[in-house]
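Here the structure comes first, spelled out in structure tokens, and everything after it is commentary.
The values are calculated or read from the model by the stated rules, or taken from the named source; none is laboratory data. The structure presented is a predicted model; accordingly, all values stated were derived computationally and were not measured. Virtual Cβ from ideal backbone geometry, glycine too; neighbours counted across all protein chains shown.
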Amino acid sequence: MSFSKAELNRYARHFVLPEFGMEGQEKLKKSSVLVVGAGGLGCPLLLYLSAAGVGRIGIVDDDVVDESNLQRQVLYTVADLGKSKAETAKEKLLALNPHIQIDVYKERFVPDNALDLVSKYDIVADGTDNFPTRYLVNDACVLSDKINVYASIFRFEGQISVFNYLNGDGTRGPNYRDVFPDPPPPELVPNCAEGGVLGVLPGIIGSIQANEVIKVLTGIGEPLSGRLFLFDTADFSTRTLKIRKNPDLEIKDLSFYEEYCMPGRSHIKEMDVSALQKWMDDGEDFQLIDVREPYEYEVANMGGELIPLGEILQQADRVVRDKKVVIHCKTGVRSARAIEQLERQFGFSNLYNLKGGIEAWQKK
């Protein structure tokens, strides 16, 4: 495989690396990586894979740029607000390196498309921020015999590993389910809005993740297969845990994991914003509860009572039982969790989840 004069200049520092050289750069140019998620982890991951010269990169993300993303998602600017993350990332990455190919999938990574997407690339890099997709990425990689370079972040901490690695003897290394067989219960899984994340953390962890991808593609160094690397930015401590395969674990097919992370959600009563508007117009007597965080409420609210999700069980006495109660958040996810917890712990039967949350209300 030949390189243009521009590519020879661009990758000059790789060429002079004794362990890397022309051969390593050729391997990168011939390689393809599917990046699932163009958010906090995806931004630095995509930047460094593109700059390094990975020949073809696929981006799976159906989200748009929000102002709250800009604290950590360094690919985007204020001018990009409301735009597709995947399309915007492609534009920025091709401006960084026009010698590569970027494929865009403005869709969610779900069981219906997971195996097809994974099959088109050499390896997968998991930059997701939720458990259902994380398990789905893992299982799709196992079923497709693809390596899964995994990373996750929360508050001040991050972790990285290389799952389903192909060993020299033809066997596969541990996968995500060998370490985490089942998702934790929903009340123990706060998201970024609830738990927060240090802005520089995804830059650190995403860069390490990109390093592992490059090591796997080029065969240089020792990848983090069979090991889980943990990093805490608060006290700058690191740990590397040894992990092993579970011989009794067998992944036979794909299932959608929303129910694992949010058990009982399919039984939750829901209503859309048009129905809520009709209640208001008709003078329906109901209680409106907002389970977002106080800073979100200050930015925009619908006039509901503020009870953050993390406090909903402690303040359950504020939720009335003698009339209908509509609970909402930003998109409908946290409010569904709140309803599931209230129904399970206190037997409420008068709760309705607002589909799409305040975002759907604002759009309508």
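Can you find, within the stretch 312-347, the residue that is modelled with the highest pLDDT among those that are surrounded by 18 or more Cβ atoms within 10 Å (Cβ to Cβ) and part of a loop (DSSP other than H, G, I, E, B)?
Ranking the qualifying residues of the stretch 312-347, first place goes to V319.
Answer yes or no: is there a residue in the stretch 132-143 that is farther than 17 Å from L249 by Cα, touching a residue at least 40 places away in the same chain (Cβ under 8 Å), touching a helix residue (DSSP H, G or I) at 6+ places or on another chain (Cβ under 8 Å) and of a type in the set (A, V, I, L, M, F, W, C).
For the stretch 132-143, residues farther than 17 Å from L249 by Cα, touching a residue at least 40 places away in the same chain (Cβ under 8 Å), touching a helix residue (DSSP H, G or I) at 6+ places or on another chain (Cβ under 8 Å) and of a type in the set (A, V, I, L, M, F, W, C): absent.
Can you confirm whether A125 is in a helix (DSSP H, G or I) and either touching a helix residue (DSSP H, G or I) at 6+ places or on another chain (Cβ under 7 Å) or surrounded by 20 or more Cβ atoms within 10 Å (Cβ to Cβ) (or both)?
When the stated conditions are applied, A125 does not pass them.
Please determine whether any residue of the stretch 202-222 is under 21 Å from V137 (Cβ atoms), modelled with pLDDT of 95 or more and in a loop (DSSP other than H, G, I, E, B).
Taking every residue of the stretch 202-222 in turn, none turns out to be under 21 Å from V137 (Cβ atoms), modelled with pLDDT of 95 or more and in a loop (DSSP other than H, G, I, E, B).
Being modelled with pLDDT of 95 or more and within 17 Å of K90 (Cα to Cα): is that true of Y48 here?
yes
From the list V65, V36, which residue is under 19 Å from R108 (Cβ atoms), of a type in the set (A, V, I, L, M, F, W, C) and touching a strand residue (DSSP E or B) at 6+ places or on another chain (Cβ under 6 Å)?
When all the criteria are applied, what remains is V36.
Out of the residues in the stretch 144-155 meeting the condition of being hydrophobic (A, V, I, L, M, F, W, C) and at pLDDT below 95, tell me which one is surrounded by the fewest Cβ atoms within 10 Å (Cβ to Cβ).
The qualifying residue surrounded by the fewest Cβ atoms within 10 Å (Cβ to Cβ) is F154.
Pairs only if they're at least six apart or on different chains, beta carbon under 8 angstrom, first in the stretch 111-130 and in the same structural domain as K146 (by TED's automatic domain parsing) and without any contact (Cβ under 8 Å) to a residue 40 or more places away in the chain, second buried (at least 16 other Cβ atoms within 10 Å of the Cβ) and part of a helix (DSSP H, G or I); list them, first residue then second.
S119/S144
Given the criteria under 30 Å from S144 (Cα atoms) and in contact with a helix residue (DSSP H, G or I) (Cβ under 9 Å, 6 or more places away or on another chain), does D80 qualify?
So D80 does not fit the description; no.
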